[in-house]
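The values are calculated or read from the model by the stated rules, or taken from the named source; none is laboratory data. Note that the structure is a prediction, hence the values are computed from the model and not measured. Cβ placement follows ideal geometry from the backbone for every residue including glycine, while neighbour counts extend to all protein chains displayed.
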Amino acid sequence: MTREEVFERVKEILVETLSVDEDKVTMEARFQEDLETDSLDLVELVMTMEEKFGIKITDEEAAEIKTVGDAVDFVMTRVDA
Amino acid sequence: MRGTQGKPYVSPHWVTDAWSAFTDDRVVRVAVDAVGGDNAPDEVVKGALAAAGPQLNVVLVGDEPRVRALLPPGAAHLSVVHAPDVIGPGEEPATAARTKTGSGIVVGLRMVQEGAADAFVSAGNTGAVVAASVLYVRRIPGVKRPAICTIMPAMPAPVAFLDVGANAECRPEFLRQFAIMGQAFAREVMGIPEPTIGLLSIGEEPSKGTPEVVEAHRLIADDERIARFRGNVEGRDIMNRLVDVVVADGFTGNVCLKTIEGSARAILGALRATVMLNAKTKLGGLLIRKDLQVLKDALNPEEFGGALLVGMNAPVVIAHGNSRARGIAQAIRMGRRGAVSGLLPTIARELGARPEAV
C-alpha cells in the first residue's frame with residue numbers, strides 16, 4: 001500500500017467510526033487538539049486500525065501516536081507495501 | 001398533564017407498565033452481566049428469572065458454575081454463557097474494556113455486536129460498560145458521544161435526564177445531540193408523545209451559562225429536529241417537572257443527580273425520624289402509612305431499573321450498582337423496550353441523515 005492509500009483509509013476510519021469532520025483530517029492534524037478526540041476515541045481508533053490493517057498495536061506504541069501522520073507512518077512500518 | 005388527573009404524583013408504572021405489556025410479537029434476547037454490581041450474582045439471577053419469558057429471553061453472562069448453581073431446575077427462557085473474568089470497580093475503563101475480553105461486560109457486549117443478543121444490561125463498573133459499548137457495540141453513525149439517560153421520579157411524573165455521567169466536558173454540538181436523543185428516549189421508551197426539552201443552566205435567559213451552554217442553546221433553538229424546546233431550565237426545575245427532558249453535560253448531570261438522590265434520602269430520613277418522635281407523631285404516621293408507602297415506591301430507583309446509554313447501535317442499560325432483583329428485572333425490561341421501540345431508528349434517522357451545520 002502507498003502512503004496515500006493508508007492515509008485515505010485512516011481518514012475513512014476517523015470520519016466513519018469517530019464522526020470526525022473530514023475537512024479537518026490532514027497528516028499534521030493532532031488527534032486531541034485538532035480532531036477533538038478523547039482517550040476512548042483513541043482506543044477505538046487503535047482497535048479499528050488493528051482490524052482494518054491486520055496489525056497489532058501495543059499500548060506503548062499507541063501512546064506515541066499523536067497525529068494522523070504518526071498513525072500513517074506506524075501502519076507503513078507494519079504492513080507490507 | 002396526561003394521566004395525572006390532579007394527583008400530586010403518579011407511580012412509576014405510568015412509564016414502566018408499557019415495558020412489560022408487550023404489544024409486539026418479537027422474541028428479544030437480553031444479555032445480562034451476572035457478576036456486576038453489589039448484589040451479584042444472587043440478585044441478578046433472581047431479577048433475570050422474574051423478567052424472562054417467551055418474548056424476553058435472558059442470557060446470563062458470568063462464571064457459569066456459580067450462576068448455574070443459583071438457577072432452579074427447568075428455568076425457562078434463560079441460558080448461561082461462561083465469562084470467567086470480572087472488571088472491578090476501580091479498574092481503568094478503556095484499558096479494562098480492551099484487555100479483559102473474558103469479563104461478563106465484554107463477553108455480553110460482544111454477543112450484542114455479533115447479533116447473538118439484542119440488548120445488554122449490567123450493574124457493574126459504569127465506565128467500563130460505556131467504554132466497552134463504544135468499542136464493541138459502537139455508536140450509531142453520526143452520534144458524536146453517547147449519553148447516559150436516566151429517568152428521574154419527578155413530581156407529578158417522571159422526567160428524562162441526560163447526560164448523567166458519560167462525558168465530563170461537552171461541546172455545544174454534543175448537547176444538541178443529547179437533546180435529540182433525549183427527545184427520542186422520552187417518546188419511545190417513556191411513552192411521552194410530544195416531549196418538551198429544557199437545557200440545564202444557571203438562569204432562564206439564553207445568555208446565561210457557560211459559553212458552551214449559551215452556544216448549545218442557540219443550536220438547539222434553531223434545530224427543526226427538536227420540536228418543543230422550552231429554553232433554559234434551572235436545577236430546581238428538574239424535580240418540579242418544568243419539562244419532560246432535561247439536557248446537561250455529564251459532569252453537571254452527575255453532580256445534580258447525586259444531589260437530588262442525597263436530598264431525597266435526607267428528607268425522607270428526617271420524615272421517618274419525625275414520625276418516630278412520640279406517640280402523637282407515631283399515630284399520625286400510622287394514619288398516612290399507606291400513602292407514604294406509595295410515595296416511597298414512586299421515589300424508588302428500582303422501579304426504573306437503571307439508565308440507558310443512548311446513541312449506541314443497541315440498547316445498553318446501566319443498572320444501579322446496588323440493584324436488587326426488582327431493579328435488575330426492570331432494567332432488563334427497559335432493554336427490551338429499547339430494542340423493539342422506535343428509539344434506535346429515530347436516532348439513526350435524525351443524527352445520521354445530514355451533516356451537522358454549526
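Here is a list: B:305, B:269, B:311. Which entry is surrounded by 13 or more Cβ atoms within 10 Å (Cβ to Cβ) and modelled with pLDDT under 95?
Unique residue meeting the criteria: B:305.
State all residues of segment B:315-341 that are within 19 Å of residue B:52 (Cα to Cα) and in a loop (DSSP other than H, G, I, E, B); if no residue qualifies, say none.
B:315, B:323, B:324, B:341
Do we find a residue being under 25 Å from residue B:342 (Cα atoms) and among the aliphatic types (A, V, I, L, M) anywhere in segment B:64-74?
no
Scan (1) over 20 Å from residue B:339 (Cβ atoms); (2) under 18 Å from the mean Cα position of the chain (by Cα); (3) not charged (D, E, K, R) for the single condition residue B:203 breaks and write down its number.
Among (1) over 20 Å from residue B:339 (Cβ atoms); (2) under 18 Å from the mean Cα position of the chain (by Cα); (3) not charged (D, E, K, R), residue B:203 violates only (2).
Would you pick out the residues in segment B:175-190 that are buried (at least 24 other Cβ atoms within 10 Å of the Cβ) and not aliphatic (A, V, I, L, M)?
Listed by number, the residues that qualify are B:176, B:177, B:178, B:182, B:183, B:185.
Quick one: count up the residues across segment B:154-180 that are within 11 Å of chain A (Cβ to nearest Cβ) and assigned to a helix (DSSP H, G or I).
So the answer is 3.
Run down B:62, B:47 and say which single residue is surrounded by 19 or more Cβ atoms within 10 Å (Cβ to Cβ) and under 30 Å from residue B:241 (Cβ atoms).
B:47
Among the residues of segment A:2-42, which ones are of a type in the set (D, E, K, R), closer than 19 Å to residue B:140 by Cα and either more than 14 Å from chain B (Cβ to nearest Cβ) or in a loop (DSSP other than H, G, I, E, B) (or both)?
A:11, A:21, A:36, A:38
For residue B:116, all conditions in the list (1) at negative phi; (2) under 12 Å from the mean Cα position of the chain (by Cα) hold save one; what is the number of the exception?
In the conditions (1) at negative phi; (2) under 12 Å from the mean Cα position of the chain (by Cα), residue B:116 misses (2) alone.
Scan segment A:60-81 residue by residue and report those that are crowded, with 20+ Cβ neighbours inside 10 Å and closer than 14 Å to residue A:25 by Cβ.
Answer for segment A:60-81, where residues must be crowded, with 20+ Cβ neighbours inside 10 Å and closer than 14 Å to residue A:25 by Cβ: A:68, A:71, A:72.
Could you tell me whether any residue of segment B:14-24 is more than 17 Å from residue B:330 (Cβ to Cβ), more than 14 Å from chain A (Cβ to nearest Cβ) and at pLDDT below 95?
yes
Quick one: is residue B:142 surrounded by fewer than 22 Cβ atoms within 10 Å (Cβ to Cβ), assigned to a helix (DSSP H, G or I), touching a residue at least 24 places away in the same chain (Cβ under 8 Å) and within 14 Å of another protein chain (Cβ to nearest Cβ)?
Numbers: surrounded by fewer than 22 Cβ atoms within 10 Å (Cβ to Cβ): yes; assigned to a helix (DSSP H, G or I): no; touching a residue at least 24 places away in the same chain (Cβ under 8 Å): yes; within 14 Å of another protein chain (Cβ to nearest Cβ): yes.
In short, no.
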